[in-house]
Amino acid sequence: MEIKRKVLAQRTGKMLSRLHDVDQQDLSLFMKRYGIGFVMLGMFLVLSIASPKFLTVTNISNILTTVSLNGLLAMGMVFVITAGGIDLSIGSMLALGSVTIGLVLNATGSIVLASVAAIAACALFGLINGFIVAKFDMFPFVVTLASMLVIRGVAYVLSGGYSFALVKPEFAQIGLGKLFGIIPFPALIFLTVSIIAFVLLQLSKYGRYVYAVGGNIKSATASGVNVLWTRIGTFVISGVAAGTASIIMTARINAAQPNIGVGYEVDAIAACVIGGTSFSGGVSTIPGTFIGIMIIGLIFNGMNLLGINSYWQIIMKGVLIIAAVLMDKLINRKR
């Protein structure tokens, strides 16, 4: 009887130890994926105390409008990085989309047609980027760096190098209008796109393919995943997101401009890596990316409210990217 009790005690101890290890692993995984959310909440609390203007309706509305543009770009970028790539051409796509909107809108007077044309133009270049990267196994950095120049050049050629006004004043409501006079339309568009991105990346078969390709492309190929079209698809999605962002940006400035979007790819990449997306591929979450872009928006808004020089905002953006990549390296090293 005594022996049975000892055996039972040992088995119970091992079981409790395993449960403890599982709980620790689950907690660790949760913190790696969503721990950045606590950082955002902490920033929100600190800024609420530091500035009485932070929680005003006007300021919150400004934050939502500001992050919406970069957030759309980030929602496209996260697909590309998760699959092991990167897209440096999205800033130029903003310019191409803006010029396309201006030309089509002024020629036809149709807001819908102009918006669809902008998204289609950006998606087309996304398709070209993806095809070159996936078909010829070229470095995404090099391909999209080159296409960044090409797309910007196309925008200048189409516009003649000049900005021009839009003939439909109603178009500006897409970027400046508010639902019930409170919620900006860009924020609603961003939220809708974020939900679609979440379903597509984390709940669909295609999303599992993206994670598989980014995690181990050879294993994905051996498992029957169509690596070519999976990788191409991520660049097309990035182009669609950039085209959607170009609609908002053009509406906000109420003009077609071929020189906009310079450096916007940096904010999109920063939001992804801050939100837990790994540059090595195969690791990302849409909620994390959403939180990442919100953190960037809170930092810049907080600096503006506290009267900190705008040059420090640029420095802070670079520091954030380095810190996020370093954290990613440390986490991957522990695995």
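Bear in mind that the values in this text are calculations on the coordinates, not laboratory data. These numbers come from a predicted model, not from an experiment. Cβ atoms come from the backbone with ideal geometry, glycine included; neighbour counts cover every protein chain shown.
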Residue satisfying all of: in the stretch 241-263; surrounded by fewer than 21 Cβ atoms within 10 Å (Cβ to Cβ) and of a type outside the set (G, A, S); farthest from G91 (Cα to Cα) among these: N254
Note: among V193, V167, V154, just one is under 29 Å from V283 (Cα atoms), touching a residue at least 24 places away in the same chain (Cβ under 8 Å) and either crowded, with 19+ Cβ neighbours inside 10 Å or in contact with a Leu (Cβ under 8 Å, 6 or more places away or on another chain) (or both), namely V193
Considering the stretch 109-118, residues that are touching a helix residue (DSSP H, G or I) at 6+ places or on another chain (Cβ under 7 Å) and more than 16 Å from G175 (Cα to Cα), and then whichever is surrounded by the fewest Cβ atoms within 10 Å (Cβ to Cβ), we arrive at L113
Within the stretch 213-268, residues being over 18 Å from V154 (Cβ atoms) and polar (S, T, N, Q) number 9
So N62 clears everything in (1) under 17 Å from S246 (Cα atoms); (2) within 20 Å of the chain's Cα centre (by Cα) except one condition, right? Which one? (1)
Any idea which of (1) more than 25 Å from T65 (Cα to Cα); (2) touching a strand residue (DSSP E or B) at 6+ places or on another chain (Cβ under 8 Å) is the one A212 doesn't satisfy? (2)
Looking at S310, S280 in this structure, which one is in contact (Cβ under 8 Å) with a residue 40 or more places away in the chain and not acidic (D, E)? S280
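Of A271, A187, A242, A220, which residue is over 16 Å from the mean Cα position of the chain (by Cα) and of a type outside the set (S, T, N, Q)? Steps first, please.
Values: A271 fails: over 16 Å from the mean Cα position of the chain (by Cα); A187 fails: over 16 Å from the mean Cα position of the chain (by Cα); A242 fails: over 16 Å from the mean Cα position of the chain (by Cα).
Result: A220 is the single residue among A271, A187, A242, A220 that is over 16 Å from the mean Cα position of the chain (by Cα) and of a type outside the set (S, T, N, Q).
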Do any helices (runs of 4 or more DSSP H) entirely within the stretch 218-328 hold 2 or more residues that are more than 26 Å from A187 (Cα to Cα), and if so, which? 227-253
Among the residues that make up the stretch 210-231, is at least one of them among the polar types (S, T, N, Q), in contact with a helix residue (DSSP H, G or I) (Cβ under 6 Å, 6 or more places away or on another chain) and surrounded by 15 or more Cβ atoms within 10 Å (Cβ to Cβ)? yes
What is the one condition in (1) aromatic (F, W, Y); (2) more than 24 Å from the chain's Cα centre (by Cα); (3) crowded, with 16+ Cβ neighbours inside 10 Å that Y162 does not satisfy? (3)
